[in-house]
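Colleague: Quick one: the structure is below, questions incoming.
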Amino acid sequence: MINRQNSEQLFNKAKNLFPGGVNSPVRAFKSVDGVPLFIKKGDGCRIWDEDDNEFIDFCCSWGPLILGHNNPKVRTKIEETLQNGTSFGAPTKLENELGDLILSNNRFIDKIRFVSSGTEAVMSGIRLARGFTGRDKIIKFDGCYHGHADSLLVKAGSGLATFGTSSSAGVPESFSKETIVLPLNDEAAVNEAISKYKDEIACIIIEPIPANNGLLIQTKEYLQFLRKVCTENGILLFFDEVISGFRVAFSGAAELYDIQPDIISYGKIIGGGLPVGAYGASNEIMNHISPMGNVYQAGTLSGNPVAMAAGIAQLSECLKNDFYTDQEARTQAFVGKINAHAAVKGYTFEMFSIGSIFWLAFSDSEAIRSAAEIRAESMEDFKKLYAILLDKGIYLGPSGYEVGFVSAAHTVEVLDQVAADFCDALDTLFQG
Ligand SMILES: *Cc1c(COP(=O)(O)O)cnc(C)c1O
């Protein structure tokens with residue numbers, strides 16, 4: 001077991017300061033053993049904790065750090081910008097620069113609005129969908145996470161096409177009544193809900209690459225089906241690309257699958273490691289946002305210049321030739337080695353991946369496309385494997401429902417070494 005003395009002390013202190021000792025719940029290490037590691041430094045693909053343990057990091061701040069930690073170009077751009085102050089609450093040239101960088105390389109949206117988190121982006125996009133259509137209900141899918149806004153903290157009720165029930169205390173049932181929760185990868189369920197509530201549904205929101213509850217890769221045909229039924233019924237198709245945007249391609253899953261959604265939300269990578277979210281759509285839809293239109297949305301720190309600077313530096317790197325093919329090639333080689341080993345040994349284990357996202361599944365299935373297909377018992381195996389991996393200096397997000405990320409700083413050499421260590425860890429897990 002790695003030494004966690006300093007982390008433990010810090011966590012004990014933190015528990016007196018923050019609920020559960022953390023400022024975001026999944027950091028609390030509730031689904032794995034021991035106290036959370038307090039991180040003091042990151043560089044490239046590595047992080048160091050307060051006990052000076054070194055890890056290869058596949059959490060990458062839950063996705064934003066596609067260039068790895070402390071990227072010199074991002075850091076320099078932030079430092080330069082800082083010389084002029086941190087926030088003005090007035091327009092800056094940097095907002096134009098990031099907006100232009102995104103819009104001139106993204107054929108799916110005409111206009112964008114910057115906010116400060118993924119939650120805020122999705123929440124605002126939902127309001128826009130409702131304001132634009134004049135309808136109140138939304139459809140979301142079991143197994144997709146869209147941040148913690150009230151209307152999205154809703155889980156499936158009983159039976160098909162019924163209203164959801166809140167998945168958090170504090171969300172009135174009267175709000176969750178406006179959210180219909182359906183299983184992923186189930187066209188009949190969507191058809192049934194639409195025929196029942198046809199003229200009341202503002203939008204269907206989906207993570208086109210669901211990556212917050214395992215990695216539930218959908219078929220292109222299913223996503224095309226959603227596009228079609230939305231168009232036929234005057235429903236907006238909302239792609240929540242907070243994870244997939246700038247990750248699987250510069251323009252995210254919309255580009256990867258070549259599907260035109262009506263509204264798209266971004267977050268994570270867009271801010272280069274600083275807090276930025278955004279939502280975008282056609283001119284026609286975006287013109288409904290204040291101050292042009294009557295859908296209100298505002299933010300004191302929206303378009304913050306330092307955060308814009310980080311986004312500009314990071315996304316400029318992502319736009320370089322072969323950035324995404326290279327990310328995918330390294331990830332596939334890494335995942336392929338581990339899967340080949342698991343297959344030869346006959347382990348009930350498979351890593352699923354798309355682009356530079358991967359997920360550890362203790363499963364023999366060819367594909368896992370809905371939340372119900374994830375075996376809850378497999379989380380015990382994850383917990384054991386997690387401890388073995390930490391000992392080997394491999395850091396993942398501390399939950400078996402979370403995905404891992406490969407950054408540009410994870411070189412072929414590093415990934416080869418990690419794949420070998422990972423195979424050893426599987427041997428330890430399955431053979432004792
Ligand atoms: C992370 C995430 C969010 C929430 O973003 P925050 O910045 O954590 O508020 C929303 N949707 C998806 C798909 C996400 O992955």
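The values are calculated or read from the model by the stated rules, or taken from the named source; none is laboratory data. Note that the structure is predicted; figures quoted are calculated from it, not measured. As a convention, Cβ positions derive from the backbone with ideal geometry for all residues, glycine included, and neighbour counts pool all protein chains shown. With ligands, DNA and RNA removed, areas are computed over all heavy atoms of the protein, side chains included. Shrake-Rupley method; radii C 1.70, N 1.55, O 1.52, S 1.80 Å.
Colleague: What do you reckon, how do T231, T179 stack up by accessible area (1.4 Å probe), largest on top?
Modeller: T231, T179
Colleague: Sequence-distant or interchain residues sharing an amide H contact under 5 Å with D142, placed H: which?
Modeller: L182, L184
Colleague: Still on this structure, please answer the following. Using +1 at the Cβ of each Lys and Arg and -1 at the Cβ of each Asp and Glu in the chain, identify which of L415, S31, L360 lies farthest towards the dipole's positive end.
Modeller: S31
Colleague: Still on this structure, I have one more. How much of the DSSP bridge set in the stretch 72-318 is antiparallel, in percent, rounded to the nearest 5?
Modeller: The antiparallel proportion sits near 40 percent.
Colleague: First select every other residue whose beta carbon is under 15 angstrom from the beta carbon of T81; then total the charges, Lys and Arg +1, Asp and Glu -1.
Modeller: Once all neighbours under 15 Å are counted, the net charge is 0.
Colleague: Let me ask something else about it. Need the C-alpha centroid separation for the stretch 216-250 versus the stretch 329-360, integer Å.
Modeller: Their Cα centres are 25 Å away from one another.
Colleague: With only alpha-carbon atoms counted, please give the Rg and Dmax of the stretch 72-318, in Å.
Modeller: 17.9, 57
Colleague: Please report the relative contact order for the stretch 72-318, taking Cα pairs under 8 Å with a sequence separation of at least 6, and give it as a percent rounded to a whole number.
Modeller: Here the relative contact order equals 30 percent.
Colleague: Moving on to the next point. From the helices alone, meaning DSSP H stretches of at least four residues, give me the mean residue ellipticity at 222 nm for the chain, per-run term -39500 (n - 2.57), in deg cm²/dmol to the nearest 500.
Modeller: -11500 deg cm²/dmol
Colleague: Could you report the accessible area of K140 in Å², rounded to 10, computed with a 1.4 Å probe on the protein chains as they sit in the structure?
Modeller: It works out to around 10 Å².
Colleague: Can you list the lysines whose alpha carbon is less than 23 Å from that of K392, not counting same-chain residues fewer than 8 positions off?
Modeller: In chain and number order, the partners are K30, K40, K41, K337, K345, K383, K384.
Colleague: Ranked by accessible surface with a 1.4 Å probe, highest first, in what order do L17, L256 come?
Modeller: L17, L256
Colleague: Additional query: For the chain, what are the DSSP H helices with axial Cα length of 18 Å or more and mean Kyte-Doolittle hydropathy of at least -0.5?
Modeller: Answer set is 118-133, 305-318, 323-345, 378-391, 412-431.
Colleague: Hey, got the dipole for the stretch 72-318? About the Cα centre, +1 on K and R Cβ, -1 on D and E Cβ, debye to the nearest 20?
Modeller: 220 debye
Colleague: If Lys and Arg each add +1 and Asp and Glu each add -1, what is the summed charge of the other residues whose beta carbon sits under 12 Å from the beta carbon of K320?
Modeller: Local net charge: -2.
Colleague: Could you run the Karplus curve 6.51 cos²θ - 1.76 cosθ + 1.60 with θ = phi - 60° over the stretch 105-113 and give me ³J(HN,Hα) per residue in whole Hz, x for Gly and Pro?
Modeller: 10, 9, 8, 8, 9, 9, 9, 9, 10
Colleague: If you count the DSSP beta bridges with both ends in the chain, what percent of them are antiparallel, to the nearest 5?
Modeller: The answer is about 60 percent antiparallel.
Colleague: Let me ask another. Convex hull volume of the Cα atoms in the stretch 1-77, per residue, in Å³?
Modeller: In the stretch 1-77, the Cα hull volume divided by residue count equals 110 Å³.
Colleague: Does anything in the stretch 362-378 have its amide N under 19 Å from the 7 Å Cα→Cβ label point of F225, and if so which residues?
Modeller: Under 19 Å, as judged by backbone N against the label point of F225, lie 366-374 of the stretch 362-378.
Colleague: Of the heavy-atom accessible surface of the chain (probe 1.4 angstrom), what whole percent is carbon and sulfur?
Modeller: Its accessible area is 50 percent carbon and sulfur atoms.
Colleague: Right, something else. How long are the semi-axes of the equivalent ellipsoid of the chain, taking √(5λ) for every eigenvalue λ of the Cα gyration tensor, in whole Å from largest down?
Modeller: 33, 27, 21
Colleague: Heavy-atom accessible area of R127 with all protein chains present, probe 1.4 Å, nearest 10 Å²?
Modeller: So the heavy atoms of R127 present about 100 Å² to solvent.
Colleague: At a Förster radius of 25 Å, what calculated FRET efficiency corresponds to the Cβ-Cβ distance of A169 and A372, to the nearest 0.05?
Modeller: The computed FRET efficiency comes out at 0.55.
Colleague: Related question: Find me the longest stretch of the chain that has none of the exposed chymotrypsin sites (Phe, Trp or Tyr not before Pro), where exposed means in a DSSP loop (not H, G, I, E or B) with at most 15 other Cβ atoms within 10 Å.
Modeller: 89-295
Colleague: Give me the percent relative contact order of the chain, please, defined on Cα pairs under 8 angstrom at least 6 residues apart.
Modeller: About 22 percent, as a whole number.
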